[in-house]
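Contents: one structure, followed by commentary.
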Amino acid sequence: MSKQNSKYGMAINVIAILFIIWGILGMMDAKNYTQSGYFTGDNWSVLDVDEGSPAEAAGLQVGDLIKSTGGIEVTDTKALNARERPAIGETREIVVDRNGEEVRLQLTYAVLPDDDKTNNMIGFIIGILFVVAGAYANFKHKSDLSTAFAIFSICFGFLFLSGPYLGTGVFSTLINILSTAVVLFSFTALVIYMLKYPPESAFLSGKNKKLLYVPMLVILAVIVVLEITQMDNSATLNTVMRLLFGAFIISYFLIAVITQISKYNKADATEKSSKGLTLMLIGTIIGIVPILVYFTIGTISPGTDLPGNDYVFFTFVAIPIFFTMALHKLNSETAS
């Protein structure tokens, strides 16, 4: 692998800095995050109510079918998008269908519980680690492979960096679309990096590489149409979007895992060590496989309460750590 100056170096550094600032602004806004304490399915049927939450205090029950919140029907996308986020201490009426009877409940939003605050902080730290690892690798190694890693790592870090609340309106809609584009691209970039990592997959030759972008572009086009038209929501639309996103994420995670396992199995003992394939495999197994299992189950069966469901994302921290170590080892061996 020959070294060369990355022509994307400056752009990568600027994006990394912008993402870090975005994440910091989001953490500064975290004090305004609210807790409602319930989870619904595609048809707005309540699947779970947290113990001790505002939802439980309001009398919301599993099985309730939510019809409206704060006077706005759950299917009215335009009105919901135009409404400001709830404030701590604000009360909104929730109308539900409970066994055919209309029930009106008063839900008062509360501050996030300590566990959620801790998870948000850990997510922020993981996001920063991804961004810094990507920027560092690109600065340190200055190769095509390090550039591919930087693009993947920085974009993937954006997944964990919740930005500040921007209110409603055209600007907020634009930011939502751009954020979705980065999230979708991060999974595509992950697969491209896994395929590119030595020994480079033959799939990347010719026009095959462009095929990896097709699913991302299709989903992004759907999101843009929905954001612009603000068409009324429905249980069917919710199901389609859940399965569409789920299939995309699961497929790309699965491709990444299979690619790395295949490369590891085909390599001899010397290659596994010199090319950092052992480190790549460790990062893949610890960092991707657990969330792949949990996400697959959650996509197929929404509302399934798995042990450690709120903390499984912690395993992502293995990706920037072991992938960076693998890239460093690969470049060290190549240089020597």
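The values are calculated or read from the model by the stated rules, or taken from the named source; none is laboratory data. For clarity, every value in this text was computed on a predicted model and none was experimentally measured. Cβ atoms come from the backbone with ideal geometry, glycine included; neighbour counts cover every protein chain shown.
Assorted remarks:
- Some residue of region 199-209 being within 28 Å of Ser162 (Cα to Cα), outside the structural domain of Glu73 (by TED's automatic domain parsing) and not in a loop (DSSP other than H, G, I, E, B): no
- Of all residues in region 177-233, those satisfying the criterion of being acidic (Asp, Glu) and in contact (Cβ under 8 Å) with a residue 12 or more places away in the chain are Glu227, Asp232.
- All positions within region 270-307 that are closer than 27 Å to Val240 by Cα and among the small types (Gly, Ala, Ser): Gly298, Ser301, Gly303
- Test result for Asn119, of a type outside the set (A, V, I, L, M) and out of contact with any helix residue (DSSP H, G or I) (no Cβ under 7 Å at 6 or more places or on another chain): yes
- For Thr315, the requirement of being among the hydroxyl-bearing types (Ser, Thr, Tyr), crowded, with 16+ Cβ neighbours inside 10 Å, closer than 23 Å to His141 by Cβ and touching a residue at least 24 places away in the same chain (Cβ under 8 Å) is not met.
- Meets criteria (surrounded by fewer than 17 Cβ atoms within 10 Å (Cβ to Cβ), touching a residue at least 24 places away in the same chain (Cβ under 8 Å), assigned to a helix (DSSP H, G or I) and in the same structural domain as Leu190 (by TED's automatic domain parsing)) for Thr284: no
- Hits in region 25-61 - residues which are in a loop (DSSP other than H, G, I, E, B) and touching a Gly at 6+ places or on another chain (Cβ under 9 Å): Asp29, Gly37, Gly41, Asp50, Glu51, Gly52, Ser53, Leu60
- Test for Ala256: is it out of contact with any Pro (no Cβ under 7 Å at 6 or more places or on another chain), in contact (Cβ under 8 Å) with a residue 24 or more places away in the chain and small (Gly, Ala, Ser): yes
- Some residue of region 170-182 being over 21 Å from the mean Cα position of the chain (by Cα) and in the same structural domain as Ile319 (by TED's automatic domain parsing): yes
- Filter pass, Glu84 being of a type in the set (Asp, Glu) and farther than 26 Å from Ala235 by Cβ: no
- Tally, over region 287-336, of residues that are assigned to a helix (DSSP H, G or I) and among the charged types (D, E, K, R): 2
- Which listed residue is of a type in the set (S, T, N, Q) and within 25 Å of the chain's Cα centre (by Cα), from Asn99, Asn120: Asn120
- Each residue in region 266-288 was checked for being of a type in the set (S, T, N, Q) and either modelled with pLDDT of 95 or more or closer than 20 Å to Val317 by Cβ (or both), and 2 pass.
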